[in-house]
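Below you'll find the structure, written out as structure tokens, and then a few comments.
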2 protein chains.
Amino acid sequence: MHRKKPGIDRVFHALGDPSRRAIIEKLSEGPISVSRLAEPLNITLAAVVQHLQVLEESGLVQTEKTGRVRTCRIEPAGLSVAAEWIGDRRSTWERRLDRLGDLLAEPGEN
Amino acid sequence: MHRKKPGIDRVFHALGDPSRRAIIEKLSEGPISVSRLAEPLNITLAAVVQHLQVLEESGLVQTEKTGRVRTCRIEPAGLSVAAEWIGDRRSTWERRLDRLGDLLAEPGEN
DNA sequence: CCAATTGTCAAGTGGGTACTTAAGTAATTT
DNA sequence: AAATTACTTAAGTACCCACTTGACAATTGG
């Protein structure tokens with residue numbers, strides 16, 4: 001019937017933190033290294049690395065290390081998980097409103 | 001520092017908690033009272049009330065008390081805030097991919 | 001009125017987590 | 001080889017937050 005997606009918890013938890021959302025905002029402009037990601041945020045590099053771990057485990061971000069530089073990029077499927085959940089809630093809500101509308105439009109002399 | 005929409009923080013923080021998402025899932029099926037909301041969750045009524053406060057402050061839920069019953073309903077605009085943020089990230093990401101595609105397609109008889 | 005229903009408020013607790021510092025590793029530059 | 005760059009890891013701290021308990025309204029049904 002409806003199976004539970006395990007990723008959804010991690011995705012929304014990851015998006016719940018402002019610093020992590022700032023990271024995603026930056027990453028949506030294109031791939032970038034860890035230290036350049038850290039520059040605009042006023043937290044230490046170590047904190048950024050920790051956020052990146054959370055983001056990577058949630059499937060929102062993908063990273064790859066070549067040489068001494070780790071390049072981070074956004075993983076579009078991650079945001080889709082969140083978008084789909086929101087879409088699902090909206091659709092059931094709208095479906096209910098439709099049923100309500102049908103009842104009101106029904107040809108009963110009440 | 002950064003001037004951002006204040007609501008976004010609260011909305012995503014609210015959505016970050018599984019119990020609160022469960023509440024929203026239930027509410028998307030239609031308005032319901034606090035105690036009936038609490039039934040399927042294994043937390044106390046008091047905890048549900050606290051979650052409802054967060055949800056209401058974030059603009060995701062609207063409640064109204066008549067008699068001794070508080071009826072809760074979903075506030076569609078709240079979810080839109082989250083959906084828009086996700087949409088914005090996606091569009092800047094896609095815009096960038098388009099520019100990349102243009103560069104690759106631009107000069108050449110291949 | 002009495003009692004059950006339905007929710008509210010306050011305070012406390014335990015676990016989680018965002019952040020820091022500090023020390024370490026590995027790749028590049030000079 | 002030495003210095004610099006770019007992370008990585010570990011450990012500690014302080015704060016936040018989800019949840020509980022328990023006492024307290026306020027409404028409503030018998």
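The values are calculated or read from the model by the stated rules, or taken from the named source; none is laboratory data. This structure is a prediction, so every number in the text was calculated from the model and none was measured. Cβ atoms come from the backbone with ideal geometry, glycine included; neighbour counts cover every protein chain shown. The area values use the complete protein model at the heavy-atom level, side chains included, leaving out ligands, DNA and RNA. Shrake-Rupley method; radii C 1.70, N 1.55, O 1.52, S 1.80 Å.
With a 1.4 Å probe and every protein chain kept in, tell me what percent of the accessible surface of the range B:6-105 is carbon plus sulfur. About 50 percent, which is the carbon plus sulfur part of the accessible surface. Accessible surface calculations at 1.4 Å, restricted to protein heavy atoms, place the protein assembly as shown at 63 Å² per residue. Net charge dipole, chain A: roughly 560 debye, given to the nearest 20, about the Cα centre with Cβ charges of +1 for Lys and Arg and -1 for Asp and Glu. A simple rule links phi to the HN-Hα coupling: the Karplus curve 6.51 cos²θ - 1.76 cosθ + 1.60 with θ = phi - 60°, which for the range A:63-68 gives 10, 8, 9, 10, x, 9 Hz, with x for Gly and Pro. Helix A:45-57 versus the longest principal axis of chain A: what is the Cα-based angle in degrees, 0 to 90, to the nearest 10? It is inclined by approximately 40 degrees. Accessible surface buried by the A/B pair amounts to about 2600 Å², both sides summed, 1.4 Å probe.
Residues in the range A:79-92 carry Karplus couplings, in order, of 4, 4, 4, 5, 4, 5, 4, 4, x, 4, 4, 5, 5, 5 Hz; the curve used is 6.51 cos²θ - 1.76 cosθ + 1.60 with θ = phi - 60°, and Gly or Pro positions show x. May I ask for the distance between the Cα centers of the range B:61-91 and the range A:48-67, given as a whole number of Å? Answer, in whole Å: 30. Normalised size of the range A:7-104, defined as Cα radius of gyration per 2.2 N^0.38 Å with N residues, equals 1.40. Distances between equivalent label points of A:GLY7 across the copies, with each point positioned 7 Å along Cα→Cβ, amount to 2.8 nm, shortest listed first.
Relative to the other identical copies, A:THR66 shows label-point distances of 6.4 nm, where the label point lies 7 Å from Cα along the Cβ direction and values run shortest first.
Amide H contacts of A:SER33: A:CYS72, each under 5 Å away and 5 or more positions distant or on a separate chain (H built 1.01 Å from N in the peptide plane; Pro and chain starts excluded).
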